[in-house]
């Protein structure tokens, strides 16, 4: 169910202003209480959208993060990283 | 006794209202929506039925219906922070309940939705074609975004069931049906073009091909070709074609009176009118 938690988090970034502001201020603290696996948490905090996509996060929701550069994910960074989906990465 | 008197298909890009506000009424998007609005005015419908796909704003993945009909006296939106005016519009609740009951009796499994707001997929078209919001609007939600999607055959049959239900309604209402969405669109997935944006149009040829089939009223061919795989090959939002296919089930196999293409955005504005 935890990919669900990443989708929910992205949804909340749009619909929950307090959460969005918390992520801007302190991303790790903002998501500390969320039911995420270590892999999901690391992927979010490092902005690894390719990994999150490969885990099954819905791209429509994942792309929300770029609206406010959450987790440092700018549009350009998202674009570059999403094109590495399916490749072997470090 | 109520009748479907016209059909429309059009996109719902959330950027369109701001784009038109910036570029003015002579820009292409404004002109194309205005053409649709002109047809709507001429048809003078009593009700607009809109086949729409929620983008996780009305529903979420905790409870996401394949098919749902909104049964209420009014609805508001957009509920997804799309930059545009916020509107309230009447919903013909009794007619909506009747359509749902009739479709369930006909073998469809349609979720009950009684307290809801709607997103840009409903409100962007309405903003352009009925900004006074005087015509009641009846939303029928189809899952176009979260695979597995319903089949094109099933969605076409849903449209036919909606038409049958409308014809059973005892009042002589004039009903226009709308299919909302694009044919080729990718958001946030690997098919976006390299650069800085997170959206793109992977398959403008598919968009043109869909219009070629519509122009010739080759609806059987369209339904047969519109597999989930084919739609999603045109982009992860390509399933929105299902909204059009449901609308076509309600309209029947007719040739459109106008097709206005925007293939670089994988979409088009199309109107069907008869008698």
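Odds and ends about this structure:
- Of all residues in the range B:114-127, at least one satisfies being without any contact (Cβ under 8 Å) to a residue 60 or more places away in the chain, part of a loop (DSSP other than H, G, I, E, B) and more than 23 Å from residue A:60 (Cα to Cα).
- Being touching a residue at least 60 places away in the same chain (Cβ under 8 Å), within 14 Å of another protein chain (Cβ to nearest Cβ) and assigned to a helix (DSSP H, G or I) is not true of residue B:145.
- Those residues of the range A:80-90 which are part of a loop (DSSP other than H, G, I, E, B) and more than 9 Å from chain B (Cβ to nearest Cβ), in sequence order: A:87, A:88, A:89, A:90
- Residue check, residue B:140 at pLDDT 95 or above, closer than 16 Å to residue B:163 by Cα, more than 14 Å from every other protein chain (Cβ to nearest Cβ) and crowded, with 24+ Cβ neighbours inside 10 Å: yes
- The range B:195-207 - residue that is surrounded by 16 or more Cβ atoms within 10 Å (Cβ to Cβ) and touching a helix residue (DSSP H, G or I) at 6+ places or on another chain (Cβ under 9 Å) and, of those, nearest to the other protein chains (Cβ to nearest Cβ): B:198
- Unique match (being at negative phi and surrounded by fewer than 16 Cβ atoms within 10 Å (Cβ to Cβ)) among A:45, A:36: A:45
- In the range A:46-62, the residues that are in contact (Cβ under 8 Å) with a residue 40 or more places away in the chain and within 13 Å of chain B (Cβ to nearest Cβ): A:52, A:56, A:57, A:58, A:61, A:62
- In the range B:34-46, the residues that are farther than 23 Å from residue B:17 by Cα and under 17 Å from the mean Cα position of the chain (by Cα): B:45
- Residue match in the range B:152-169 (condition: in contact (Cβ under 8 Å) with a residue 60 or more places away in the chain, surrounded by fewer than 16 Cβ atoms within 10 Å (Cβ to Cβ) and within 14 Å of chain A (Cβ to nearest Cβ)): no
- Any hit, the range A:64-74, residues being crowded, with 18+ Cβ neighbours inside 10 Å, away from every other protein chain (no Cβ under 14 Å), under 22 Å from residue B:191 (Cβ atoms) and free of Cβ contacts under 8 Å to residues at least 40 places away in the same chain: no
- For residue B:65, the conditions (1) within 14 Å of chain A (Cβ to nearest Cβ); (2) out of contact with any helix residue (DSSP H, G or I) (no Cβ under 7 Å at 6 or more places or on another chain) all hold with the exception of (1).
- Counting the residues of the range B:266-275 that are in contact with a helix residue (DSSP H, G or I) (Cβ under 8 Å, 6 or more places away or on another chain) and surrounded by fewer than 21 Cβ atoms within 10 Å (Cβ to Cβ) gives 1.
- Being in contact with a helix residue (DSSP H, G or I) (Cβ under 8 Å, 6 or more places away or on another chain) and within 14 Å of chain A (Cβ to nearest Cβ) is a description that does not apply to residue B:179.
- Criterion: touching a helix residue (DSSP H, G or I) at 6+ places or on another chain (Cβ under 9 Å), more than 8 Å from chain B (Cβ to nearest Cβ), more than 24 Å from residue B:196 (Cα to Cα) and part of a helix (DSSP H, G or I) - qualifying residue of A:77, A:43, A:5: A:5
- Any hit, the range B:102-118, residues being away from chain A (no Cβ under 14 Å), within 30 Å of residue B:26 (Cα to Cα) and in contact with a strand residue (DSSP E or B) (Cβ under 8 Å, 6 or more places away or on another chain): yes
- Of the residues contained in the range A:11-34, one or more are found to be within 12 Å of chain B (Cβ to nearest Cβ), within 24 Å of residue B:148 (Cα to Cα) and touching a residue at least 24 places away in the same chain (Cβ under 8 Å).
- The residue list B:178, B:192, B:259 contains one member that is under 14 Å from residue B:8 (Cβ atoms) and free of Cβ contacts under 8 Å to residues at least 60 places away in the same chain, which is B:259.
The values are calculated or read from the model by the stated rules, or taken from the named source; none is laboratory data. Please read these numbers as outputs of a predicted model, since none were measured by experiment. With ideal geometry, Cβ positions are generated from the backbone for all residues, glycine too; neighbour counts draw on all protein chains shown.
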